[in-house]
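So the structure is just underneath, and the comments pick up after that.
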Amino acid sequence: MISHDFFMMGRRKKSKPGRRPVLLFWLTVVVLAIPNIALCVTEQMTLAANVTNVLLPVSVVWLLMTLSRRPGKITLLLSPLLFIAAFQLVLLYLFGHSIIAVDMFLNIVTTNPGEAFELLNNLLPAIAIVVVLYIPILVMAIISLRRKDLLPSEFVGRQRRMALIAVAVGVASLGVTYAVDREYRAKIQLYPVNVGYNLVLAVERTKATADYFKTSSAFRFNAKPTHPDNAREVYVLVIGETARACSFGLYGYGRETTPLLERNRNVVTFTNVFTQSNTTHKSVPMLMSAASAQDHHRIYREKGIITAFKEAGFHTVFISNQLPNHSFIDFFGKEADEWVFIKEKATEKDNVADSDMLPMVKSVLDKGRNKELIVLHTYGSHFNYRERYPASDAVFKPDDASEAKFSNRASLVNAYDNSIRSTDRFLHDVITLLDRTEVMSAMLYTSDHGENIFDDGRRLFLHASPAPSIYELYVPFIIWTSDTYRRNYAQEANALLINRHKSVTNSESAFHTMLGLAGIETPVRNDSLSVASRKFRPSDRMYLDDHDEPVPVNKILRDKQDFVLMRKIEAGK
Ligand SMILES: [Zn+2]
């Protein structure tokens, strides 16, 4: 309709010379206002914040449009805002809430495949809206500029006066909002100021990451071994991918997804464990270092757990079944004496099985070194689930409908459960390899985050959305110890049993627990965070938000369904 009217007006140019630029003037104002109006509905803000968030930005755009008699020029100058508005509307369509996050900007500039954009199939309607709303305006602006369309000067003068009054009212409204809403901060809540702020943070974070080797070069753990030099010991940290505790038989799930681990009496299952991030590239670095949501900035100054073990005399190996992505996962992994990203060499990159890492683990163990640390980064249960296991291993069927649709839920759950069985087998095989060495050894397995599989009325799917659900945060955390280990270090083994039902955060505890199990002392080690210590104390449950700040988990969870499940987990049901 818009373009039809536009061309009609083109033909009537002589009779009504001012109408076409006036239309462009108003269309730009209206179209740029759409995200502000939509965010009033999707974001849980106070009335004052909502009024300000529409009044102030809209009146500023209105005023900007009066800065020239050529509306095409101003509209084109505002085109970055048009792109941001389009991006914002697509996100609202996709997630139902939240502004463009720092992480989303980072996903655009890095080679990180961008977990937030895995739902591309579902984006078509949103992209259609954007094309219909925003592309015609840009086309109109270009045509208008070429035709040298001018707004009538009396129109511009009148609109400028009215817009100035509106801006003044908007500023007053902002003042009122700050006065009545104590939590309001324009850089967090006022669109598009908040998107601009996130863009600045993304640039700062990119720079801090690029400078990491400089800012961390002098760092030392000053780690020392306390276990005897001549005793052979092997420790394995297995980092899972997209494994949610509530789909594990070990955690009371109604299906036999973990039959092998359940039969192993030397496995201690921690029943009440949350993670601090629902994205791989933020969660895994916290598992591999002392940084957590509470003190995340230290990640730019310190090194990872592999260096702590190295300083204490361990040989270290990092094997990953994920692609390197220039994040801290790579930085910390490459601290190892030997490291490999097995997927990099594969031709069909999506289907490399975690079990392909087992022969490498075996050959490391066959070397018979006295002190060994192996860190395995798996691909676990990452979507597309049915590619995570061979079709012949499928126990739960049908598992072939893999399109991200609610109507496929049964099939998706079957495939997901099969992938957990595959992880069960993988962990069992790692344990078997360790067991065969008959030395002191321990394996800690946890997952970076969980997953949504259309679990309730919210119909959430996958992970990494700006606001996590409890299905993304409740993760498995298990520790296996060898007989020889328990004979020699009964205190640590007993502590595991004492702590297994306590509230644990894997992002905080994986690092300190590994050091505790291996008897590595460093001023960085904190036994109140180690579940292998009787000094363990549950800390406040926090989440690492998009601005890398800690937020209490019960503030980041949004819905009733989350709190119902949280109470069940805490009650041990
Ligand atoms: Zn992940």
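The table below lists the values:
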{"item": "Residues located in segment 357-382, provided they are part of a strand (DSSP E or B) and either acidic (D, E) or modelled with pLDDT under 95 (or both)", "result": "E372"}
{"item": "Residue match in segment 517-532 (condition: β-branched (V, I, T) and out of contact with any Ser or Thr (no Cβ under 8 Å at 6 or more places or on another chain))", "result": "yes"}
{"item": "Residue list for segment 423-448, restricted to those being away from the ligand (no atom under 16 Å from the Cβ), under 19 Å from E256 (Cβ atoms) and not hydrophobic (A, V, I, L, M, F, W, C)", "result": "D424, R425, H428, D429"}
{"item": "From the options K282, K303, K345, residue that is more than 16 Å from the ligand (Cβ to nearest atom), out of contact with any Asp or Glu (no Cβ under 7 Å at 6 or more places or on another chain) and among the basic types (K, R)", "result": "K345"}
{"item": "Top-ranked residue of segment 348-390 - restricted to ones that are within 16 Å of the ligand (Cβ to nearest atom) and acidic (D, E), ranked as surrounded by the most Cβ atoms within 10 Å (Cβ to Cβ)", "result": "D354"}
{"item": "Those residues of segment 168-185 which are crowded, with 17+ Cβ neighbours inside 10 Å and either hydrophobic (A, V, I, L, M, F, W, C) or part of a helix (DSSP H, G or I) (or both), in sequence order", "result": "G170, S173, L174, T177"}
{"item": "Selected residue (criterion: nearest to R301 (Cα to Cα)) from residues of segment 332-353 that are part of a loop (DSSP other than H, G, I, E, B) and of a type in the set (D, E)", "result": "E335"}
{"item": "Residue check, E492 among the charged types (D, E, K, R) and over 25 Å from K535 (Cα atoms)", "result": "no"}
{"item": "Qualifying residue in segment 403-421 (condition: surrounded by 19 or more Cβ atoms within 10 Å (Cβ to Cβ), touching a residue at least 60 places away in the same chain (Cβ under 8 Å) and away from the ligand (no atom under 16 Å from the Cβ))", "result": "yes"}
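Listed here are the residues, each with its yes/no results for (1) closer than 16 Å to L444 by Cβ; (2) at pLDDT 95 or above; (3) in contact with a Gly (Cβ under 7 Å, 6 or more places away or on another chain).
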| position | (1), (2), (3) |
| --- | --- |
| T271 | yes, yes, yes |
| S277 | no, yes, no |
| Q294 | no, yes, no |
| R298 | no, yes, no |
| K303 | no, yes, no |
| A312 | no, yes, no |
| V317 | yes, yes, no |
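The values are calculated or read from the model by the stated rules, or taken from the named source; none is laboratory data. Small disclaimer: the values here were computed from a predicted structure and weren't measured. Virtual Cβ from ideal backbone geometry, glycine too; neighbours counted across all protein chains shown.
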